[in-house]
Each structure stands twice: as C-alpha cells, then as structure tokens.
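What follows is calculated from the coordinates using simple rules that are stated; it is not laboratory data. The model shown is predicted, which means the values in this text are computed figures rather than measured ones. All Cβ positions, even for glycine, are placed from backbone atoms using ideal geometry, and neighbour counts span all protein chains on display.
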Amino acid sequence: MNFLVADDELLIRKSLVRAFQSRGHQCDEAQNGIEALKKISTNTYHAILLDVIMPDKNGYEVLLEMKKNIPVFIISAFTGDDTNISYIQNDPRVKDYIAKPFEHILEVVDQVLGKL
Ligand SMILES: [Mg+2]
C-alpha cells in the first residue's frame, strides 16, 4: 500500500516513513499542509497520517481542502485547547487519533494497518 505522512517534525516524519517501509509499504512525506495537499492531489494513497499543527496550512485546513475520500489518521499532541478539534471529529474520513509522543513507532504503523 501507499501512504502519506504529513508532519512538520523531521524526526517523526522520517521514523514513520521508515516504519511503513519496514512493513513492506510505500510511504511519501510532506513537511507542511501545502505540500501535503499537492501530493494528495497527484498521488493515490491508501491512508494519510496527518499532523494538526503544521506551517503553511495546518491539518485542519488540509482536511477542509482535500476533496478525496481517503482514510485519515490524526497524529497530534492533543492539548485540549484546539478549537478545530470538533470539526476533525465530525469528518467521516478520520479513522483514528494517534497521540504524540509515540513510544513505539511500529505499533503506530500496525494500528493504522489494522484499521484499513
Ligand atoms: Mg506539528
């Protein structure tokens, strides 16, 4: 399968890409919302891992603007003061929430794979 990891934190992004690859999957990466939207429009993904707080369009804006019906897994350090969270919760494409920081990166990938 082919995945997209959109997160502005380099270490998280690279770790997730490597973890998907170690499970035999392809994985693209985007370091901000604009890059994520570009890749979503030009590629076919089975799921997107989407950070909420990113520069150049945040995860909320990416969800609003992406027209494709692709499963989305929100990866975020939920602080409780995110006013956009209710919108995200009401988007039927959002399959799960994965809280940062991750303890075991492969468990995150297996959690995603298990819900597809
Ligand atoms: Mg971030």
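Observations on the structure shown:
- Counted residues, the range 35-72 - those being more than 9 Å from the chain's Cα centre (by Cα) and away from the ligand (no atom under 14 Å from the Cβ): 19
- All positions within the range 1-16 that are within 12 Å of the ligand (Cβ to nearest atom) and surrounded by 14 or more Cβ atoms within 10 Å (Cβ to Cβ): V5, A6, D7, D8, E9, I12, R13
- Matching option when the condition is within 12 Å of the ligand (Cβ to nearest atom) and over 19 Å from Q89 (Cβ atoms), among A19, A30: A30
- Search result, residues across the range 25-75 that are part of a loop (DSSP other than H, G, I, E, B) and of a type in the set (K, R): K57, K67, K68
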